[in-house]
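Scroll down for the structure; my scribbles are underneath it.
The values are calculated or read from the model by the stated rules, or taken from the named source; none is laboratory data. Model, not experiment: these values are computed from the prediction. All Cβ positions, glycine included, derive from the backbone under ideal geometry; neighbour counts span all protein chains shown. The accessibility values were calculated without ligands, DNA or RNA, using every heavy atom of the protein model including side chains. Shrake-Rupley method; radii C 1.70, N 1.55, O 1.52, S 1.80 Å.
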Amino acid sequence: MSKLNVVVVSGNLGFPSKTVILAEQILEAIKQQVSIDGEILQLAELAATIGLARNPDELGESGKRVLNRIASADILVAVTPVYKGSYTGLFKHLFDFLDPKTLSEVPVILGATGGGDKHALIVEHQLRPLFSFFGALTIPAGIYASEQNFNGARFIDPVVLQRIEAAAEQAVYAAKARGERRVQAEAA
Ligand SMILES: Cc1cc2nc3c(=O)[nH]c(=O)nc-3n(C[C@H](O)[C@H](O)[C@H](O)COP(=O)(O)O)c2cc1C
């Protein structure tokens, strides 16, 4: 199988970002299974482009490239810091510009980082419904990681690492199955 195109959208607004580190660890876990082309799109870097646009026509070329990259994903990784119990505002603002059909049946890994465990259900109560709206194939193993799971450089908690591995395995399985279905549909 050719390389899988894995696109990360990270809702972080600051640098350095624990959410980006989580994203990197997810990409590493996927790479253990399959060869990939990976890219991390950070809202911190896209704020000027995305933040001022009121509709997709106002996005400009760089903003449109971001939407095209998301649309091209074999696996999308959607990660965000928890802000006030939910994803960051700019993370939602970006997905508000996406055509509703773009992510239909695309495997999406859901992950979040937070200050503590109080808002761990952001994955199930905020991220999963958003990507269900898009008809995405949200991966059953969601990942939540808090400050307590972090050693200053990486997330090291065994439960978090196990969730990352499970999510990567499930997403690769789903992406391969989707790829085969598309090949069969084209041949029919
Ligand atoms: C404006 C703001 C709101 C936050 N709200 C929450 C929250 O509701 N629950 C929580 O657990 N952590 C909250 N945090 C902490 C961040 O989610 C946490 O530090 C996260 O890991 C930061 O990710 P980053 O390093 O990628 O920016 C908040 C932080 C900020 C700056």
- Look at the stretch 77-92 and say how many of its residues are open to solvent by 50 Å² or more (accessible area, probe 1.4 Å) and either in contact (Cβ under 8 Å) with a residue 40 or more places away in the chain or not in a loop (DSSP other than H, G, I, E, B) (or both). 3
- For Arg65, are the conditions met, namely being without any contact (Cβ under 8 Å) to a residue 60 or more places away in the chain and more than 16 Å from the ligand (Cβ to nearest atom)? yes
- Item | Qualifying residues in the stretch 94-120 (those that are within 13 Å of the ligand (Cβ to nearest atom) and surrounded by 15 or more Cβ atoms within 10 Å (Cβ to Cβ)) - the one nearest to the chain's Cα centre (by Cα) | Gly111
- Filtered residues of the stretch 52-76 (kept if over 16 Å from Leu4 (Cβ atoms) and part of a helix (DSSP H, G or I)): Pro56, Asp57, Glu58, Gly60, Glu61, Ser62, Gly63, Lys64, Arg65, Val66, Leu67, Asn68
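Checking the condition open to solvent by 30 Å² or more (accessible area, probe 1.4 Å) and touching a residue at least 60 places away in the same chain (Cβ under 8 Å), which residue from Asp57, Asp74 passes?
Values: Asp57 fails: touching a residue at least 60 places away in the same chain (Cβ under 8 Å).
The unique qualifying residue is Asp74.
Please specify each residue of the stretch 2-47 satisfying the condition of being assigned to a helix (DSSP H, G or I), within 12 Å of the ligand (Cβ to nearest atom) and open to solvent by 70 Å² or more (accessible area, probe 1.4 Å).
Of the stretch 2-47, the ones assigned to a helix (DSSP H, G or I) are 18-31, 43-47.
Pick out the ones that are also within 12 Å of the ligand (Cβ to nearest atom) and you get 18-24, 43-44.
Scanning the stretch 2-47 gives a single hit, Glu24.
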- Note on the structure: Here the residues within the stretch 121-165 that are within 15 Å of the ligand (Cβ to nearest atom), in a loop (DSSP other than H, G, I, E, B) and either among the hydrophobic types (A, V, I, L, M, F, W, C) or on the phi > 0 side of the Ramachandran plot (or both) are Leu121, Gly152, Ala153, Ile156
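Would it be correct to say that Phe155 is under 19 Å from Lys31 (Cβ atoms), surrounded by 14 or more Cβ atoms within 10 Å (Cβ to Cβ) and over 14 Å from the mean Cα position of the chain (by Cα)?
yes
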- Note on the structure: Per the filter on the stretch 42-59, residues closer than 24 Å to Leu22 by Cα and among the hydrophobic types (A, V, I, L, M, F, W, C) are Leu43, Ala44, Leu46, Ala47, Ala48, Ile50
